[in-house]
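Here's the structure we're looking at; comments come further down.
The values are calculated or read from the model by the stated rules, or taken from the named source; none is laboratory data. On a predicted model such as this, the values are computed, not experimentally measured, just so you know. Neighbour counts run over all protein chains shown; Cβ positions are idealised from the backbone, glycine included.
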């Protein structure tokens, strides 16, 4: 047996599985497995990408200054308290690398995003899973799970893959209940889909133990470029910048993100259309006997009678060229997460579920 071994925790990490995008032998595939914006990036963003190609031979700036300034102007935030990363995943990784290690604990909810556990293990820390209440973050359960070893507490609000959300008072109560030295991380990957929601920025400003992450992968349609950011106390931002690779974002990525965040009309049109079709999709599925919790993201979590029925529905949809996301790995074996597509895509999903219900038993 080799004496060469990785750091503790790394071999406990299961390889992340992205949403399926192809079906063998099927050409007209509708991918609704990765919560992507069906309308894509805005025309202004695409033009910014095209313009930036001419400079790909140049090293990018290392401080992301123009991008941080643009984010700050749109969201009313201090640019000096913003850090940018390769998706919000990298910012989550920075937090675990900087603030958690062997002997420390990182809390996350039972149906929370997989990267919390992965990043904790990669840092040598112990991930602690905390129960939810009917697929909703339970603040009391999180506070009960806190120990002197707790260093980070992650919640996504709205949550992925459930789509559920807790209110600002509950989030503030959680932040106030954490011990000194623990950081509450608010993952706002889906915050833009909630009208008027700041993702927790005001709470970040009010306290020194709260940090917010955001992404350009969802509403802005830039999942393929991997751009995210975080907002937090100046002291935490200073620490994270010390471990951030200096050239972690290219000029092309930054140009795209600047154009995307500044194109507020496109973002608002996408948000409104998502909200419209999300309600329609949930109501149509409910009429077919497929329940879902009220979602505030760009997907619905469809609940079937049991794991066998969810698997059969998934197989049936695939036979029709529709790819949704199985979430058994998130301890939701009886559910399918369905991205809210455009109107034609949502109608195709409903027709698929309708034909599944009508199939011979």
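Figure legend. Inter-residue proximity from the range 45-74: first residues under 15 Å from residue 263 (Cβ atoms), second residues part of a loop (DSSP other than H, G, I, E, B) and at pLDDT 95 or above, beta-carbon distance below 7 Å, spacing 6+ or different chains. Indicated pairs: 45/263; 71/77. From the list 235, 257, 275, 267, pick out the single residue that is in contact (Cβ under 8 Å) with a residue 24 or more places away in the chain and touching a helix residue (DSSP H, G or I) at 6+ places or on another chain (Cβ under 6 Å). Among 235, 257, 275, 267, only 257 is in contact (Cβ under 8 Å) with a residue 24 or more places away in the chain and touching a helix residue (DSSP H, G or I) at 6+ places or on another chain (Cβ under 6 Å). Residue check: is residue 235 assigned by TED's automatic domain parsing to the domain that holds residue 82 and closer than 16 Å to residue 39 by Cβ? So residue 235 does not fit the description; no. Being outside the structural domain of residue 113 (by TED's automatic domain parsing), over 30 Å from residue 206 (Cβ atoms) and either at pLDDT 95 or above or in a strand (DSSP E or B) (or both) is a description that applies to residue 36.
For the range 203-261, name all the residues that are part of a helix (DSSP H, G or I), within 21 Å of residue 152 (Cβ to Cβ) and in contact with a strand residue (DSSP E or B) (Cβ under 8 Å, 6 or more places away or on another chain). Hits for the range 203-261 are 203, 204, 236, 237, 240, 241.
Condition test on residue 222, is it under 23 Å from residue 342 (Cβ atoms), in contact with a helix residue (DSSP H, G or I) (Cβ under 7 Å, 6 or more places away or on another chain) and not assigned by TED's automatic domain parsing to the domain that holds residue 338? Explain how you work it out, then say what you get.
Numbers: under 23 Å from residue 342 (Cβ atoms): yes; in contact with a helix residue (DSSP H, G or I) (Cβ under 7 Å, 6 or more places away or on another chain): yes; not assigned by TED's automatic domain parsing to the domain that holds residue 338: yes.
Yes, satisfied.
Could you pull out the residue among 315, 310 that is surrounded by 20 or more Cβ atoms within 10 Å (Cβ to Cβ) and assigned to a helix (DSSP H, G or I)? Residue meeting the stated conditions: 310.
Contact annotation: residue pairs with Cβ atoms under 8 Å, 6 or more positions apart or on different chains, pairing a residue in the range 306-317 that is under 18 Å from residue 360 (Cβ atoms) with a partner that is surrounded by fewer than 16 Cβ atoms within 10 Å (Cβ to Cβ), are 316/355; 316/359.
When the range 140-165 is filtered for residues that are buried (at least 19 other Cβ atoms within 10 Å of the Cβ) and within 18 Å of residue 293 (Cβ to Cβ), the ones remaining, listed by number, are 155, 156, 157, 158, 159, 160, 161, 162, 163, 164, 165. For the range 277-293, a residue qualifies if it is in contact with a strand residue (DSSP E or B) (Cβ under 7 Å, 6 or more places away or on another chain) and in a helix (DSSP H, G or I), and the qualifying residues are 278, 281, 282, 285. Taking the range 22-71 as the range and being on the phi > 0 side of the Ramachandran plot and touching a helix residue (DSSP H, G or I) at 6+ places or on another chain (Cβ under 9 Å) as the test, the residues that pass are 40, 64.
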